[in-house]
Amino acid sequence: LRADALARIAEADTLDTLEQHRVAFLGKKGSISGLMKTLGGMSPEERSEAGAKFNALRNEVAEALATRKAGLEAAALEAKLASETLDLSLPAPDAPTGSVHPVSQVMDELAEIFADMGFAVATGPEIEDDWHNFTALNMPESHPARAMHDTFYFPDTDEHGRSMLLRTHTSPVQIRSMLNEGAPLRIIAPGRVYRSDSDATHTPMFHQIEGLVIDKGIHLGRLKWTLETFLKAFFERDDIVLRLRPSYFPFTEPSVEVDVGYSMEKGRRVVGGSGDDEGHAWMEVLGSGMVNRKVIEFGGLDPDEWQGFAFGTGVDRLAMLKYGMDDLRAFFDGDLRWMKHYGFAA
Ligand code: PHE
């Protein structure tokens with residue numbers, strides 16, 4: 001039995017075969033286990049002699065099984081290593097790189113364009129009080145324009161008893177700049193604004209850029225030149241014409257709504273544009289006007305000495321128009337496939 005067992009173990013060439021042998025010799029019903037069971041029927045002298053032999057045999061077979069198993073496992077590992085090669089000369093896969101959000105890119109572009117025209121960047125708090133956001137912009141408490149802003153209010157008032165809110169536009173920065181810097185002034189104020197509104201073209205948080213010039217002898221012609229220069233640079237085309245339509249904002253007088261037109265033959269895809277008889281497509285892009293005398297007074301300046309113009313527009317909307325995007329909400333979904341499609345992510 002011993003010679004046979006050791007020979008078969010030595011010949012086993014797979015781990016499965018080896019396991020079958022283990023069961024056949026040492027398993028509960030195995031041949032060596034069977035020998036062990038015969039000890040019970042022996043006399044004490046026979047048993048101690050036979051017991052020692054059987055134990056030795058069992059140990060020897062167990063050891064042979066373990067040795068063969070280790071050998072087979074080592075061979076299997078060798079074979080695996082030989083078959084799996086690693087080519088260190090292959091190029092590494094690209095790691096995804098971060099990129100600047102389209103809205104931030106457009107804000108940077110705007111700041112650069114206006115910097116070339118001598119405008120500094122001003123900022124104000126997103127958590128505003130209703131005096132800066134409304135009252136000082138000629139919207140007293142009962143003013144109907146307040147209701148049009150769908151304002152997010154805080155439950156508390158500040159130490160002056162003013163209601164606190166999330167600013168609904170960047171126009172309060174006009175007041176803060178006049179009060180802090182005085183005149184003359186030439187600033188833009190890009191930033192986040194909030195209104196309780198949400199659909200394909202409105203998100204509760206969006207971005208505006210405000211412009212304010214305060215100086216002596218400012219008039220509408222200066223406003224028109226500034227906006228034309230800015231819009232040509234931003235849309236990167238010279239065939240742009242402006243259309244100024246009379247409008248109303250409490251903080252500007254007169255107020256003008258500005259549409260940008262471009263010839264459709266040379267067109268590029270622009271969302272929201274509508275055509276006219278002369279082959280122009282028009283897009284409504286910003287609100288503006290001459291700063292209301294009352295607003296200049298609220299800014300701590302003498303309106304007989306200082307005049308100004310102001311404009312405000314949605315940055316997200318400008319980005320959509322320039323890059324032909326059609327759903328504002330996509331800006332805030334963080335979908336990299338969308339970013340890639342518009343060339344904003346690597
Ligand atoms: N604040 C206005 C708005 O949010 C835009 C505007 C700014 C209009 C400055 C005129 C002058 O719609």
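What to note about this one:
- Odd one out for residue 183, checked against (1) under 35 Å from the mean Cα position of the chain (by Cα); (2) away from the ligand (no atom under 15 Å from the Cβ); (3) in contact (Cβ under 8 Å) with a residue 12 or more places away in the chain: (1)
- Residue within the stretch 102-121 that is more than 16 Å from the ligand (Cβ to nearest atom), in contact (Cβ under 8 Å) with a residue 60 or more places away in the chain and in a loop (DSSP other than H, G, I, E, B) present: yes
- Selection status of residue 61, in a helix (DSSP H, G or I), closer than 30 Å to residue 322 by Cβ and among the hydrophobic types (A, V, I, L, M, F, W, C): no
- Residue tally, condition surrounded by 22 or more Cβ atoms within 10 Å (Cβ to Cβ) and not in a strand (DSSP E or B), over the stretch 279-295: 1
- Across the stretch 136-146, the number of residues qualifying as in contact (Cβ under 8 Å) with a residue 40 or more places away in the chain and either away from the ligand (no atom under 16 Å from the Cβ) or within 30 Å of residue 225 (Cα to Cα) (or both) comes to 5.
- Any chance residue 129 is under 26 Å from residue 315 (Cβ atoms), among the acidic types (Asp, Glu), more than 23 Å from the chain's Cα centre (by Cα) and crowded, with 19+ Cβ neighbours inside 10 Å: yes
- The stretch 122-146: number of residues that are within 21 Å of residue 252 (Cβ to Cβ) and assigned to a strand (DSSP E or B): 1
- One residue from 322, 340 being basic (Lys, Arg), touching a residue at least 40 places away in the same chain (Cβ under 8 Å) and away from the ligand (no atom under 16 Å from the Cβ): 322
- Total residues in the stretch 61-98, condition among the small types (Gly, Ala, Ser) and closer than 30 Å to residue 339 by Cβ: 3
- Single residue of the stretch 147-167 satisfying the filter (over 19 Å from residue 250 (Cβ atoms) and open to solvent by less than 80 Å² (accessible area, probe 1.4 Å)) that is farthest from the ligand (Cβ to nearest atom): 161
- Single match in 110, 65, 72, 57 (criterion: open to solvent by less than 50 Å² (accessible area, probe 1.4 Å) and touching a Ser or Thr at 6+ places or on another chain (Cβ under 8 Å)): 72
- Hey, residue 192 within 14 Å of the ligand (Cβ to nearest atom), under 33 Å from the mean Cα position of the chain (by Cα) and open to solvent by 60 Å² or more (accessible area, probe 1.4 Å) or not: yes
- So residue 300, is it open to solvent by 50 Å² or more (accessible area, probe 1.4 Å), on the phi > 0 side of the Ramachandran plot and at pLDDT 75 or above: yes
The values are calculated or read from the model by the stated rules, or taken from the named source; none is laboratory data. Since this is a predicted model, take the numbers as computed values, not measurements. In this analysis, Cβ positions are derived from the backbone assuming ideal geometry, glycine residues included, and neighbour counts consider all displayed protein chains. These accessible areas exclude ligands, DNA and RNA; they are computed on the full protein's heavy atoms, side chains included. Shrake-Rupley method; radii C 1.70, N 1.55, O 1.52, S 1.80 Å.
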